[in-house]
1. Where does each of 73-79, 12-18, 141-147 land if you order them by average Cβ count within 10 Å, highest first?
2. Once you have a ≥ b ≥ c as the square roots of the Cα gyration tensor eigenvalues for the stretch 42-145, tell me rounded if a/c is under 1.5, and otherwise prolate or oblate according to whether a/b is larger than b/c.
3. Once phi is turned into θ = phi - 60°, what whole-Hz ³J(HN,Hα) does the Karplus curve with 6.51, -1.76 and 1.60 give for every residue of the stretch 73-90, x standing for Gly and Pro?
4. For an R0 of 25 angstrom, estimate the FRET efficiency from the Cβ-Cβ distance between residue 123 and residue 18 and round to the nearest 0.05.
5. Please list 3J(HN,Hα) in residue order for the stretch 49-65, calculated via the Karplus relation 6.51 cos²θ - 1.76 cosθ + 1.60 where θ = phi - 60°; whole Hz, with x for glycine and proline.
6. Residue 111 versus residue 133, label points 7 Å from Cα toward the beta carbon: distance in nm?
Amino acid sequence: MSDAITAERAAPEPLLSASAVYDNASDGGSIASARAFTAAFLSAAPSVRREPVAGECVELAQLVVSELVTNAVRHAFGPCRLLLELRRDALEISVFDRAAAAPVPQGHDPRRIGQHGLEIVVAVCESLSVEPDPEGKRVRARLSLLPAYADAAAPADRRPR
């Protein structure tokens, strides 16, 4: 018999975190509110980081939040909760909803109208995971706040030259 010691590196506490609940799935107001909430949250970053979050990163964060909240309000019943956790070099975006089923990305199809949200999130984020939650699930995306990553994730027509 051998004894083994395993250790997982504990994730450091976020520098800043905030959450909001959106329960009105009948209109697009919750999505616009989530985008505004994200921009306001990131504008507070200089209070806990050395520098503000780059504008390109704020736009990407709003895009990811928009796509994840849209999925939650369209495909899950009841309210969803948005949790933003600011790390030193990344923003973790989590959306909790009451549906247990994980979102399924569609295959690439340039002729399809809509349903490209998860493709977009995967393209601009470092990681995307779906975790079971006692009341449904948690969809977590990690978005780098490093300027080089934002430049690479930006559409070609908006990249610095």
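1. On the way: 73-79: 15.3, 12-18: 13.3, 141-147: 19.3.
Going from most to least packed, we get 141-147, 73-79, 12-18.
2. It comes out oblate by the Cα gyration axes.
3. 6, 8, 10, 10, 8, x, x, 10, 10, 9, 10, 10, 10, 8, 9, 4, 10, 8
4. That pair, residue 123 with residue 18, gives E of 0.45.
5. 10, 6, 9, x, 6, 4, x, 5, 5, 4, 5, 5, 4, 5, 5, 4, 4
6. In this crude label model, residue 111 to residue 133 measures out at 3.7 nm.
Coordinate-derived values only; no laboratory data. All of these numbers come straight from a predicted model, not from anything done at the bench. Here the Cβ is made from the backbone with ideal geometry for all residues, glycine too, and neighbour counts use every protein chain on show.
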